[in-house]
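The next block holds one structure in the form of structure tokens; read it before the comments.
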Amino acid sequence: MAYFTTRPSTGAHFLQLPGPSNVPDRVLRAMDHATMDHRGADFGVFTTQLLGKLKAVFKTERPVMIYPASGTGAWEAALVNTLSPGDVVLMCRTGWFAHLWQEMAQRLGLVPEFIDTDWRSGADVAAIGAALAADASHRIKAVAVVHNETSTGCTSDIAAVRAALDAARHPALLLVDTISGLGSIDYRHDEWGVDVTVSGSQKGLMLPPGLSFNVASAKAMEASRTARLQRSYWDWAPMLAANATGYFPSTPATNLLYALDTAIDMLMEEGLENVFARHDRFAEATRRAVSAWGLETQCAVPARASNVLTAVRVPEGHSADALRAAIVEKFDMSLGNGLGQLKDRVFRIGHLGHLSPLQLVGTLGGVEMGLRACNIPHRPGGTQAALEYLAGN
Ligand SMILES: *Cc1c(COP(=O)(O)O)cnc(C)c1O
């Protein structure tokens, strides 16, 4: 079974999804070591230092918990550890991922109260503030927001959501999904007063899929002592107890932990602020290309445009999925598809993680050739606009 490439000898496949993202060779090499005895003495030393240095990525002093699961698992962990059946959770439907988190909350027996958006602008902080201010009896137990909405390419202002909670003097917990934001755009668990942070491995952290994360504030830990949703595998208490000595309650994804250790080293060697600046540069180059093509980004509010990915709308009467299929077929590049109500209406360019300026230029060149090959109305020169920006910055 050829799982390694779509073509045998035509150069590297371009994996420009907004996750899973490209895994650096150095991270792949790190996994290529014998699996350790996860109950042995060496493993305790390894894990202790890993858990220590992971904190800097989340900008927290709190312990970071690691689950062998995709991001969806850590979503569930955030809910079941802090809430009880029938609890009201205020959620903002910023796009498809916010929608899926809401469906999960409903299935778990929570009562999501939903603030809808146009999927083009991130979380509606004013509406969140108004809902909190109107909730004098504190029915709302948590506010759940997606930091980087991967289906639309819009970010949400988490500090502003925190400020809305504070302004309303509301005790609800703040739960934040930064599955696709962490490691690519700035995130501050402690400073932003987040109660539970949820993240995953296969986006900005440059790892394969398979790990996900929770960080819990002291207030969230307190809530977990009385929360009554059923939990077993996701329970924080045994995880934290085992982690305290460098171990896990069940078998960890050992080789992915080697990868994580190396990926953090790479982020720290580049410097987080430099990593964010690189993403800012690549996103700006991409937006300039889209604008020069005469196309529209899904994100309609420039201040909320994501530096992780850009979702591009195809003109009415044209198919984003047909364009993506042609680009795979002709140029061996994978782009993200439209999700939910955006199916076939947008394609998503991932410009996150392990990416160089030349890879970005190749990516934009592939998109431009695809637009031409599929006769999608556009002006030529988007890639040129990106070249000019990148050359000067
Ligand atoms: C990828 C993603 C998820 C889902 O994570 P999985 O690893 O696919 O379970 C959830 N939220 C956001 C914002 C994402 O980008």
Suppose the filter is open to solvent by 10 Å² or more (accessible area, probe 1.4 Å) and within 11 Å of the ligand (Cβ to nearest atom); does Thr155 pass it? yes
On the basis of being open to solvent by 40 Å² or more (accessible area, probe 1.4 Å) and β-branched (Val, Ile, Thr), does Val275 make the cut? no
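Out of Gly86, Gly129, report the one residue that is surrounded by fewer than 22 Cβ atoms within 10 Å (Cβ to Cβ), on the phi > 0 side of the Ramachandran plot, of a type outside the set (S, T, N, Q) and away from the ligand (no atom under 16 Å from the Cβ). Spell out how you get there, then give the answer.
On the way: Gly129 fails: on the phi > 0 side of the Ramachandran plot.
That would be Gly86, the only listed residue that is surrounded by fewer than 22 Cβ atoms within 10 Å (Cβ to Cβ), on the phi > 0 side of the Ramachandran plot, of a type outside the set (S, T, N, Q) and away from the ligand (no atom under 16 Å from the Cβ).
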Show the residue pairs meeting these rules: Cβ distance below 8 Å; 6+ apart or different chains; first residue within the stretch 129-150 and touching a residue at least 24 places away in the same chain (Cβ under 8 Å) and small (Gly, Ala, Ser); second residue more than 16 Å from the ligand (Cβ to nearest atom) and in a helix (DSSP H, G or I). Gly129/Ala164; Gly129/Ala167; Ala133/Ala167; Ala142/Thr82
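Identify the residue in the stretch 189-234 that is touching a His at 6+ places or on another chain (Cβ under 6 Å) and in a strand (DSSP E or B) and, among all such residues, is farthest from the ligand (Cβ to nearest atom). Step through it out loud before you land on a result.
As a first pass, look at the stretch 189-234 and keep what is touching a His at 6+ places or on another chain (Cβ under 6 Å): 197, 206, 215.
Within this subset, residues satisfying the condition of being in a strand (DSSP E or B) are 197, 215.
Values: Thr197: 12, Val215: 16 Å.
The qualifying residue farthest from the ligand (Cβ to nearest atom) is Val215.
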Test: Ala98 is within 16 Å of the chain's Cα centre (by Cα) and either away from the ligand (no atom under 16 Å from the Cβ) or under 30 Å from Arg313 (Cβ atoms) (or both): yes
Inspect the stretch 48-71 for any residue being within 16 Å of the ligand (Cβ to nearest atom), part of a helix (DSSP H, G or I) and surrounded by 23 or more Cβ atoms within 10 Å (Cβ to Cβ) and give the result as yes or no. yes
Limited to the stretch 276-310, what total is found for residues that are over 12 Å from Thr155 (Cβ atoms), within 23 Å of the chain's Cα centre (by Cα) and small (Gly, Ala, Ser)? 3
Which of (1) loosely packed, with under 15 Cβ neighbours inside 10 Å; (2) within 16 Å of the ligand (Cβ to nearest atom) is the odd one out, the single condition Met268 does not satisfy? (2)
Among the numbered criteria (1) in a helix (DSSP H, G or I); (2) aromatic (Phe, Trp, Tyr); (3) crowded, with 22+ Cβ neighbours inside 10 Å, which one does Phe347 miss? (1)
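The values are calculated or read from the model by the stated rules, or taken from the named source; none is laboratory data. Keep in mind the model is a prediction, meaning the values are calculated, not measured. Note that each Cβ is placed from the backbone with ideal geometry, even for glycine, and that neighbours are counted across all protein chains shown. Note: areas computed on protein heavy atoms with side chains; ligands, DNA, RNA excluded. Shrake-Rupley method; radii C 1.70, N 1.55, O 1.52, S 1.80 Å.
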